[in-house]
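Reviewing the structure listed below.
Quick note: the coordinates plus some simple rules give every number you see, no bench work behind them. Since the structure is predicted, the reported quantities are computational estimates derived from the model, not experimental observations. So basically every Cβ, Gly included, is an ideal-geometry build from the backbone, and we count neighbours across all protein chains shown.
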Amino acid sequence: MEKSLVLIKPDAMQRGLAGEIVTRLERKGLKIIAMKMLQMDKSLAQRHYAIHKGKAFFDRLVDFITSSPTIAIVFQGKDAVGVIRRTMGETDPVKAQAGTIRGDFGLDIEHNLVHGSDSAENASKEIELFFSTEEIIDYHKDINKWIG
């Protein structure tokens with residue numbers, strides 16, 4: 001089963017949307033195997049968004065993600081990365097389809113509520129930034145026989 005990191009960003013936390021986001025992802029058949037709330041510091045934010053270093057929006061992105069608590073979650077499931085990305089919707093909420101998290105609740109590209117890994121390879125790297133091996137708990141769910 002594939003794993004992916006999801007970050008419920010400060011705007012979702014401030015707007016009380018964390019539960020809605022988790023519910024939508026769980027209803028897609030994904031299993032939570034790690035979760036914690038944290039106040040991200042600049043160092044972690046810069047490592048997480050290192051791919052964007054040097055871009056005009058990098059400092060705003062770091063300032064935003066460190067402005068309020070974040071919930072980090074590891075989801076596991078069949079095609080977890082793809083399922084999460086489709087459920088989140090386009091990065092720019094204006095372009096996101098209705099029925100997706102960003103399409104229904106996103107305000108603008110800088111306040112798009114949620115981060116999800118863009119590949120299984122990046123998911124592994126991102127998960128290591130936020131969780132130790134001991135914090136990830138794989139377990140059996142009887143419902144799995146019903147959802148694949």
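Numerical summary
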read-out: Residues in region 1-19 that a label on Leu38 would reach, taking backbone N under 19 Å of a point 7 Å out along Cα→Cβ; value: 3-14, 18
read-out: Phe64, Phe57, Phe105 arranged by Cβ crowding within 10 Å, fewest neighbours leading; value: Phe57, Phe64, Phe105
read-out: Positive dipole terminus of the chain, leading residue within Leu113, Gln39, Val81 (C-beta point charges); value: Val81
read-out: 0 to 90° range, to nearest 10: angle between helix 18-27 axis and the chain longest Cα axis; value: 40 degrees
read-out: Cα-based helix-to-principal-axis angle, 120-130 vs the chain, degrees rounded to 10; value: 70 degrees
read-out: Pair Leu107, Ser132: separation of 7 Å Cα→Cβ label points (nm); value: 3.7 nm
read-out: Given charges at beta-carbon only (K, R positive; D, E negative), |dipole| of the chain in Debye; value: 240 debye
read-out: Residues His140, His115, His52, sorted so that the one with the fewest Cβ neighbours within 10 Å comes first; value: His140, His52, His115
read-out: Exposure proxy ranking, count of Cβ atoms within 10 Å, fewest first, for Ile8, Ile84, Ile71; value: Ile71, Ile8, Ile84
read-out: Rounded Å value of the spacing that divides the Cα centres of region 105-136 and region 1-73; value: 6 Å
read-out: Computed helical MRE - 222 nm, the chain, DSSP H runs ≥ 4 contributing -39500 (n - 2.57), nearest 500; value: -10500 deg cm²/dmol
read-out: Per-pair calculated FRET efficiency, R0 = 25 Å: Ala120 and Glu26 via Cβ, rounded to 0.05; value: 0.80
read-out: Greater than 27 Å apart at Cα, pairs in Lys31/Lys55; Lys42/Lys78; Lys3/Lys42; Lys9/Lys145; Lys3/Lys145; value: Lys31/Lys55; Lys42/Lys78; Lys9/Lys145
